[in-house]
Amino acid sequence: MRVTLDWITASTRLYRVPGWLVVVIVLGLCPPLLGGWFAQSSGNWDLFERSGSITTAIGLVVASRRYFQYGVRELAKLRADDELKSEMTELLEDVLTAKEGLALSAFGTFVSGWGKYLGW
């Protein structure tokens, strides 16, 4: 396999993050922030722990965006017919979405598991 200079410059180029992805991440981080605020005022950190599960759910939905866009049956049919051709920007957006969704899910799982001990 031969690597050309065009592929190297295309792989290191900075791409613009879609605006909807920023909104989803902000919405994913809001439940722990609000839960922490309520927990600090009430002194009950169980609410903060439970807010992590909301963030985990949002992260998993974001990570599986591709399956919500087409559905499992449509994806299988498109792959079988070899019609699933994507542009480089769409592929990079899918990778970025999956990574950020899994990061949100990991953060939510951490808050859900260790939220009581993170009380400030």
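If each residue of separation counts as 0.36 nm, what is the full-extension length gain between residue 68 and residue 29 once their alpha-carbon separation is subtracted? Spell out each step's value before the answer.
Details: separation 39, 0.36 × 39 = 14.04 nm, distance 2.16 nm.
Roughly 11.9 nm would be gained on extension.
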Study note, to complete from the structure: Phi-derived 3J(HN,Hα) across region 22-27 with the Karplus relation (6.51, -1.76, 1.60, θ = phi - 60°), rounded Hz, x for Gly and Pro, is 5, 5, 5, 5, 4, 5
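Rule-based calculations on the coordinates, nothing more; no lab input. Because the structure is a prediction, the values reported are computed rather than measured.
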